[in-house]
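The structure appears right after this line, and notes come after that.
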Amino acid sequence: MHGADSNLQVAYRRLLEHYGRQNWWPGDSPFEVMVGAVLVQNTNWQNAARAIETLKDEGLLAPDALVAAAQEELQELIRPAGYFRQKAARLQSLARFVTDNYGGSLEAMFAEEFTTLRAGLLSINGIGPETADSILLYAGGLPTFVIDTYTHRVVKRHGWAAADADYHALKEHFENALDRDAALFNEYHALLVRVGKEHCRTAPRCEGCPLAELLPEGGPVQPEN
DNA sequence: GACCAGGCACATC
DNA sequence: GATGTGCATGGT
């Protein structure tokens with residue numbers, strides 16, 4: 001890293017000091033993390049976790065087993081996670097991607113050239129940029145920054161990026177400001193979700209937020225978000 | 001009984 | 001290219 005610390009570096013230190021490590025997605029296996037990335041789409045983690053437990057009990061947290069499962073039975077097993085018809089299809093598409101292209105080996109998959117693998121994941125129906133990056137980072141340990149709705153809110157409140165910055169722009173923004181370190185990206189994303197949840201939605205004027213001192217003059221840029 | 005949650009694809013203008 | 005809508009459950 002070079003020069004003065006960016007806002008993003010200062011914000012990270014404050015968040016980590018205030019909240020401590022979030023220990024996101026330890027998971028029993030990389031594939032469990034991948035399944036979780038799909039199940040948690042627009043869904044409370046608690047609900048996704050229930051579905052993961054059921055799949056684990058049924059022995060379906062493996063690419064081969066998931067491919068072989070009947071889709072209607074899979075739907076019922078993951079019902080608590082919501083969007084269960086879509087997600088059952090998405091999980092099987094993801095599992096099929098691993099078995100068809102990498103012989104079911106996640107080790108082989110994550111050894112793939114990064115850009116090729118990311119494009120491959122994005123080509124799967126139901127895997128968008130956030131889910132793809134979550135898989136690469138949290139299951140594969142690869143240094144790619146995950147952007148989610150909370151990140152959008154936090155960044156735009158602080159004026160750290162243009163109001164119309166999209167997923168890719170925000171991802172580049174973080175990656176350019178930070179060391180390319182998967183453990184850092186992992187923790188930072190989790191901390192942004194934490195602070196976004198606890199403040200951006202419920203406190204329009206950023207009361208009590210650990211990042212309040214980093215706000216621009218005049219307060220939050222987009223408090224309505 | 002609203003409103004929300006760690007998105008994404010597809011239709012329509 | 002931007003904007004709108006369906007998908008679905010469980011907690012507050």
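The values are calculated or read from the model by the stated rules, or taken from the named source; none is laboratory data. Just so it is clear, the structure is predicted and the values come from calculations on it, not from any experiment. No Cβ is skipped: glycine too gets one built from the backbone with ideal geometry, and neighbour counts run over all protein chains shown.
Worth pointing out:
- If you check A:LEU61, A:LEU55 for being within 16 Å of DNA strand C (Cβ to nearest atom) and in the same structural domain as A:ALA108 (by TED's automatic domain parsing), only one passes: A:LEU55.
- Exactly one residue among A:ASP166, A:ASP148 is touching a residue at least 24 places away in the same chain (Cβ under 8 Å) and either surrounded by fewer than 17 Cβ atoms within 10 Å (Cβ to Cβ) or not hydroxyl-bearing (Ser, Thr, Tyr) (or both), and that residue is A:ASP148.
- Yes/no for A:GLY218 being of a type in the set (Gly, Ala, Ser) and not in a loop (DSSP other than H, G, I, E, B): no
- Residues being within 18 Å of A:ASP133 (Cβ to Cβ) and within 16 Å of DNA strand C (Cβ to nearest atom) - total across the range A:92-120: 2
- Test result for A:HIS189, outside any loop (DSSP other than H, G, I, E, B) and within 16 Å of DNA strand C (Cβ to nearest atom): no
- When the range A:104-136 is limited to residues that are among the acidic types (Asp, Glu) and under 24 Å from A:TYR167 (Cβ atoms), the one that is surrounded by the most Cβ atoms within 10 Å (Cβ to Cβ) turns out to be A:ASP133.
- Note on the range A:21-34: among residues that are within 11 Å of DNA strand B (Cβ to nearest atom) and part of a helix (DSSP H, G or I), the one that is surrounded by the most Cβ atoms within 10 Å (Cβ to Cβ) is A:MET34.
- Failed item, numbered, when A:ARG180 is tested on (1) more than 26 Å from A:GLY36 (Cα to Cα); (2) at pLDDT 95 or above; (3) out of contact with any helix residue (DSSP H, G or I) (no Cβ under 9 Å at 6 or more places or on another chain): (1)
- Of the residues making up the range A:128-178, those that are farther than 20 Å from A:LEU15 by Cα and within 16 Å of DNA strand C (Cβ to nearest atom) are A:GLY128, A:PRO129, A:GLU130, A:THR131, A:ALA162, A:ALA163, A:ASP164, A:ALA165, A:ASP166, A:TYR167, A:HIS168, A:ALA169.
- Residues that are free of Cβ contacts under 8 Å to residues at least 24 places away in the same chain and among the hydrophobic types (A, V, I, L, M, F, W, C) within the range A:118-135 comprise A:ALA119, A:LEU122, A:ALA132, listed in sequence order.
- Restricted to the range A:37-151, the set of helices (runs of 4 or more DSSP H) holding at least 1 residues that are aliphatic (A, V, I, L, M) and within 30 Å of A:LEU170 (Cβ to Cβ) comprises A:45-57, A:84-102, A:106-110, A:114-122, A:129-134.
- Members of the range A:93-103 that are surrounded by fewer than 18 Cβ atoms within 10 Å (Cβ to Cβ) and touching a residue at least 12 places away in the same chain (Cβ under 8 Å): A:SER93, A:ARG96, A:THR99, A:ASN101
- Residues of the range A:152-174 that turn out to be assigned to a helix (DSSP H, G or I) and in contact with a helix residue (DSSP H, G or I) (Cβ under 8 Å, 6 or more places away or on another chain), as a count: 11
- Complete set of residues in the range A:70-117 that are at positive phi and more than 14 Å from DNA strand B (Cβ to nearest atom): A:GLY103, A:GLY104
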